[in-house]
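J.: Pasting in a structure now, in C-alpha cells, and then I'll have a few things to ask.
The values are calculated or read from the model by the stated rules, or taken from the named source; none is laboratory data. Source: prediction; values computed, not measured. Cβ placement follows ideal geometry from the backbone for every residue including glycine, while neighbour counts extend to all protein chains displayed. Surface areas here come from the heavy atoms of the whole protein model, side chains and all, with no ligands, DNA or RNA. Shrake-Rupley method; radii C 1.70, N 1.55, O 1.52, S 1.80 Å.
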Amino acid sequence: MRISSLLKSHLNTFRSIPLLHRPYPSSTILHRKLIQSPRHHSTAKMTTTTTTNTTLPFPVRFYSPTSPAPDSSGRTLPSILSWPDSALEYSHDYIQNLFPLPERSPINPSAPIIDEQTFRTFRSSAHLQTQLRRSLKRMLAFYGFRLLFLDDEDNNEKEKEENEDGEESNCQVLPADNFPAASEHWVTRFNHNHLRITRIIRSCRVLGLEDEALAFYGALMAIAGERRGVFSRKTLMFWRRAAERPLHFAPEDEDGDGGRGLDWLVDV
C-alpha cells in the first residue's frame, strides 16, 4: 500500500509543533482516514467468539481473551502487558509472542510464527484483534505514543469498532505526555527497538490491524523527519517495507528477487 501521498499534509502539520512540547492535537494532526478496500478483508465473516483448545496455533491460544495460554516461560499476555517499561526494555524474548510474524526468527527459531490458520483466525475474530490492539497500545505507550480513534464529534478516545462494511475509520498515533522521556531509550542510533518496531508494524498488518500499523508508521516518519540522522537508512527502509509492501513479501526480501512469497498472503 502506498501511503506517502496520504500522509504528506499530516506530517507537515505535525512537524510545525515543537517535538518536546506537543499537546494532544486536534483531529487534523496525523489524522488518517483510511477506507478499507475489499482486499484487506478475509473472506470469513468477522466473529465475536474464539474457541481455545490445544489444537489451535499458539498465537491464537496466547491471545485468547478468556483462557490465555502461557508461553514457554510461563508468561501470559495479561502478565506481560502489566510489566513496567524497564522490563519491556531489557527482556528480549517476549516481543515474538506479542507480535508473531509469518517468517521464522533467525534470533529465536523457536518463536511462534503466523501460519495460514493463525492468519485466518485473527482476521475473522473481533476478540483476537481487540487483544492484539491491547498489545499495540502497550508498546506505543512504551515508546511515548498514544493510539486514538476519533469517531465522534468531541474527539474523545473510544475503542475501535470493527468495521465490516469498509467504512471510514479515523485513526491516529500521537505523542503522549511521556514522549520526551520515553523517546530517550529508542530515538537513538543503532537501537534494538528499531527491529522491534519493524516486527510490530508487519505483525499488525498481517493479523488485521492495517489502520493502526500505518498510523504508527506515519508517526515514526514524522519523528524521523525532525531527528534526521538518528535512524539509519536501513532502519527507515525496513519500516517502509513493513508498512507498504504487499504482505506476502517480508521486509528483508530484496526487491526484484523474483520470489513469490507466501501464497496465502498473495491476494490479501
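J.: Enumerate the calculated ³J(HN,Hα) couplings along the stretch 107-119 in order (Karplus 6.51 cos²θ - 1.76 cosθ + 1.60, θ = phi - 60°), each rounded to whole Hz, writing x wherever the residue is Gly or Pro.
T.: Ordered by residue, 3J(HN,Hα) equals 7, 9, x, 8, 5, x, 10, 8, 9, 5, 5, 4, 4 Hz.
J.: Moving on. Net charge within 13 Å of Val60 by Cβ-Cβ distance, Lys/Arg positive one each and Asp/Glu negative one each, not counting Val60 itself? Provide the component values of the computation, followed by the final result.
T.: On the way: positive: Arg61, Arg120, Arg123; negative: Asp115, Glu116.
Once all neighbours under 13 Å are counted, the net charge is +1.
J.: Could you please report the charge total around Asn97, scoring K, R as +1 and D, E as -1 over all other residues with beta-carbon less than 10 angstrom from its beta-carbon? Mind dumping the intermediate values first?
T.: Details: positive: Arg75; negative: Asp71, Asp93.
Result for the local shell: -1.
J.: What does the extension gain come out to for Glu252 and Ser91, with contour length at 0.36 nm per residue minus their alpha carbon separation?
T.: On the way: separation 161, 0.36 × 161 = 57.96 nm, distance 2.38 nm.
So the extension gain works out to 55.6 nm.
J.: Could you give me the ³J(HN,Hα) list for the stretch 80-95, computed from phi with Karplus coefficients 6.51, -1.76, 1.60 and θ = phi - 60°, whole Hz, x at Gly and Pro?
T.: 5, 5, 8, 5, x, 4, 4, 5, 5, 6, 9, 8, 10, 10, 9, 5
J.: Can you put Glu244, Glu184 in order of accessible area, largest first, using a 1.4 Å probe? Mind showing how you got there, number by number?
T.: Numbers: Glu244 45, Glu184 140 Å².
Largest accessible area first, the residues go Glu184, Glu244.
J.: Residues with amide H under 5 Å of Ser125's amide H, sequence separation 5 or more or different chain, H placed in the peptide plane at 1.01 Å from N; which?
T.: For Ser125, whose amide H was placed from the backbone, the distant partners under 5 Å are Thr47.
J.: Taking R0 as 22 Å, what's the FRET efficiency between Thr76 and Ala141 from their Cβ-Cβ distance, rounded to 0.05?
T.: Working: r = 19 Å, r/R0 = 0.87.
Plugging the Cβ-Cβ distance into 1/(1 + (r/R0)^6) gives 0.70.
J.: If amide hydrogens are placed 1.01 Å from N in the peptide plane, which non-local residues have theirs closer than 5 Å to the one on Phe145?
T.: Ala176
J.: Something else: Please list 3J(HN,Hα) in residue order for the stretch 131-147, calculated via the Karplus relation 6.51 cos²θ - 1.76 cosθ + 1.60 where θ = phi - 60°; whole Hz, with x for glycine and proline.
T.: Each residue's phi maps through the Karplus curve to give 5, 4, 5, 4, 5, 4, 4, 5, 6, 4, 4, 4, 8, x, 10, 9, 9 Hz.
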